[in-house]
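> Following this message is one structure expressed as structure tokens.
The values are calculated or read from the model by the stated rules, or taken from the named source; none is laboratory data. What you are looking at is a predicted structure, and each value in this text was computed from that prediction instead of being measured. When we count neighbours, we look across all protein chains shown, and the Cβ atoms used for this are built from the backbone with ideal geometry, even at glycine.
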Amino acid sequence: MGSKDSIEQGKESAGFRKYIPDLNTLRFQTAKVQDCYEYAENFQKSHNPPWLYDLTQTWQELLREPYKGLTTDGNVIPNLFQPQDEGVPIESIVTAVDKVFDQINPEQKEKVSFPLNAKEWRAWSNPEILLRPLGLRLEEVDAKAAASVLDVLKATFSKEGYEKALAAMRINQYLGQICELPKIMNELSYNFLVFGTPSKDKPWGWSLYGHHLCLNVFLHGRQIVISPTFTGAEPNLIDAGPFAGTEILHDEGNLGLELMQSLPGPSQEKAQIFKLLRDPAMLQSGDLAKDRWNPDDQRHVCGAFRDNRIVPLEGVSAATFTAKQKQLILDIAYHFVLYLPDAARKIRLEQVADHLNETYFCWIGRWGNDDAFYYRIQSSVIIMEFDHHSGVFLSNTEPEKFHVHTILRTPNAGDYGAGLRSAEDMVE
């Protein structure tokens, strides 16, 4: 599959159409008449689906923990991240946020503004259910204000990164159209928050979160951290309408598969940590803080509220890889850090390259061209997770290649720019 072009990949992805759900069921007929708040209230009252409700209770417990950061053994490796000039166009970003403030009223400005060290920075989540209605909801402000928030993304990200974010938002809207739930899932069903005071030389940041797109941005002068990020799609392609041809996350999947297929047999066996996508050997005890699989995260270990998780190195060491295989890791990283502006992305990729010999690659599932799979690439400075999922709105009960979740994390207190903050500005 790594050699197939995006047109062929897109045709395969369009296979999602046979899994379009029956919209006459109680689930869809009930949700059809609800707005995002009624939908969330119904979830909180009904506890349905119970597996997700139970997980949200675990999330509340995890959020109460003080921030430490992802580690391999519970110990943060110090001094991995240093202040540096990364060429970030900070003036343009500050101007863009100031324009948002100009477009909203004082009450809205108070609602969108949080202290730099606020725990709310860690309260993002990926489900379509608005579990925490923090900040400003883009669909609730006027068109100019919503456009000005998108301009913040445009000013902050690389051109390609901005297009990636827009693609995720448009595909979310497309799913809402397919399922006739436009009030629950649309291009603007995202919440925007600002942390600290936008400044050209002092630390601050912003976040945007909603279904299949969660972005956390820390800024200090000309330095930037965009982590954690969650980017997903169900389906990963728009095959009709004004945005037909929009696709997302194919490169990450194709390159990961190319890497796995390129490994010699013994290395493939070592990389494959579980044979089945829901393997009986995975911890599934019911303790959702520790389990290796649950219906929401599925194979992901670094999702929402997992800020302090211990994630041991697994699989095969990239120190054994050929030059071409090491380059594939960097090619994958390029797409995972695509949101970073160009100069900062170059510096970040150099950092990833500097730690290649301590990087590990692990795989779950098979690696035929048509197989769904999971992989993780992990070092002391980056964690990248890619996972094919079963249906949430579409009806496929097994993971399929048209439903994709990706997560980027910066371990060892790198998320939220924590490794670059002063003691008084530490995220809670």
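> Would you be able to tell me the number of residues in the range 307-349 that are out of contact with any helix residue (DSSP H, G or I) (no Cβ under 7 Å at 6 or more places or on another chain), of a type in the set (A, V, I, L, M, F, W, C) and more than 23 Å from Thr72 (Cβ to Cβ)?
4
> If Gly161 passes every condition in (1) touching a helix residue (DSSP H, G or I) at 6+ places or on another chain (Cβ under 6 Å); (2) farther than 30 Å from Thr25 by Cβ but one, which one does it miss?
Gly161 satisfies all of (1) touching a helix residue (DSSP H, G or I) at 6+ places or on another chain (Cβ under 6 Å); (2) farther than 30 Å from Thr25 by Cβ except (1).
Condition check ((1) within 20 Å of the chain's Cα centre (by Cα); (2) surrounded by 22 or more Cβ atoms within 10 Å (Cβ to Cβ); (3) part of a loop (DSSP other than H, G, I, E, B); (4) charged (D, E, K, R)) across all residues:
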site: Cys302; (1), (2), (3), (4): yes, yes, yes, no
site: Arg306; (1), (2), (3), (4): yes, no, yes, yes
site: Leu313; (1), (2), (3), (4): no, no, yes, no
site: Gln325; (1), (2), (3), (4): no, no, no, no
site: Ala333; (1), (2), (3), (4): yes, yes, no, no
site: Ile347; (1), (2), (3), (4): no, no, no, no
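> Still on this structure: Could you please find all residues in the range 45-55 being part of a loop (DSSP other than H, G, I, E, B) and either basic (Lys, Arg) or touching a helix residue (DSSP H, G or I) at 6+ places or on another chain (Cβ under 6 Å) (or both)? If you could, list the steps in order and put the result at the bottom.
As a first pass, look at the range 45-55 and keep what is part of a loop (DSSP other than H, G, I, E, B): 47-49.
The answer is His47, and nothing else.
> When Leu70 is evaluated against the numbered criteria (1) free of Cβ contacts under 8 Å to residues at least 12 places away in the same chain; (2) under 26 Å from Gly205 (Cα atoms); (3) not small (Gly, Ala, Ser), which criterion, by number, is the only one it fails?
(1)
> Restricting the first residue to the range 400-428 and requiring it to be on the phi > 0 side of the Ramachandran plot, which pairs with a second residue that is at pLDDT 95 or above and hydrophobic (A, V, I, L, M, F, W, C) meet a Cβ separation below 6 Å and a spacing of at least six or different chains?
Asn412/Val76; Asn412/Ile77; Asn412/Leu80; Ala413/Val76; Tyr416/Trp121; Tyr416/Phe218; Gly417/Phe218; Gly417/Val225
> Would you point out the residue of the range 226-278, among those that are among the charged types (D, E, K, R) and part of a helix (DSSP H, G or I), that is surrounded by the most Cβ atoms within 10 Å (Cβ to Cβ)?
Pass one, the range 226-278, residues among the charged types (D, E, K, R): 234, 239, 247, 251-252, 258, 269-270, 275, 278.
Retained after the next criterion (residues that are part of a helix (DSSP H, G or I)): 251-252, 258, 269-270.
On the way: Asp251: 18, Glu252: 22, Glu258: 18, Glu269: 10, Lys270: 18.
Here the residue is Glu252.
> Test Glu358 against the criterion of being in contact with a strand residue (DSSP E or B) (Cβ under 9 Å, 6 or more places away or on another chain) and acidic (Asp, Glu), and give yes or no. It would help to see each step written out before you state the result.
Working: in contact with a strand residue (DSSP E or B) (Cβ under 9 Å, 6 or more places away or on another chain): yes; acidic (Asp, Glu): yes.
For Glu358, the condition - in contact with a strand residue (DSSP E or B) (Cβ under 9 Å, 6 or more places away or on another chain) and acidic (Asp, Glu) - is met.
> Looking at (1) closer than 19 Å to Phe157 by Cα; (2) part of a helix (DSSP H, G or I); (3) of a type in the set (A, V, I, L, M, F, W, C), which is the only condition Leu219 fails?
Leu219 satisfies every listed condition except (2).
> What's the number of the only condition in (1) in a loop (DSSP other than H, G, I, E, B); (2) buried (at least 17 other Cβ atoms within 10 Å of the Cβ) that Ala281 fails to meet?
(2)
> Another question about this same structure. Give me the residue from the range 281-331 that is acidic (Asp, Glu) and touching a strand residue (DSSP E or B) at 6+ places or on another chain (Cβ under 9 Å) and, out of that set, farthest from Arg366 (Cα to Cα).
Going residue by residue through the range 281-331, those that are acidic (Asp, Glu) are 287, 291, 296-297, 307, 314, 331.
Subsequent filtering for residues that are touching a strand residue (DSSP E or B) at 6+ places or on another chain (Cβ under 9 Å) retains 297, 307, 314.
Working: Asp297: 19, Asp307: 29, Glu314: 17 Å.
Among residues in the range 281-331 that are acidic (Asp, Glu) and touching a strand residue (DSSP E or B) at 6+ places or on another chain (Cβ under 9 Å), the one farthest from Arg366 (Cα to Cα) is Asp307.
> Quick check on this structure: which one of Gly176, Gly135 is at positive phi and small (Gly, Ala, Ser)? Outline the logic, then answer.
On the way: Gly176 fails: at positive phi.
Sole residue among the options that is at positive phi and small (Gly, Ala, Ser): Gly135.
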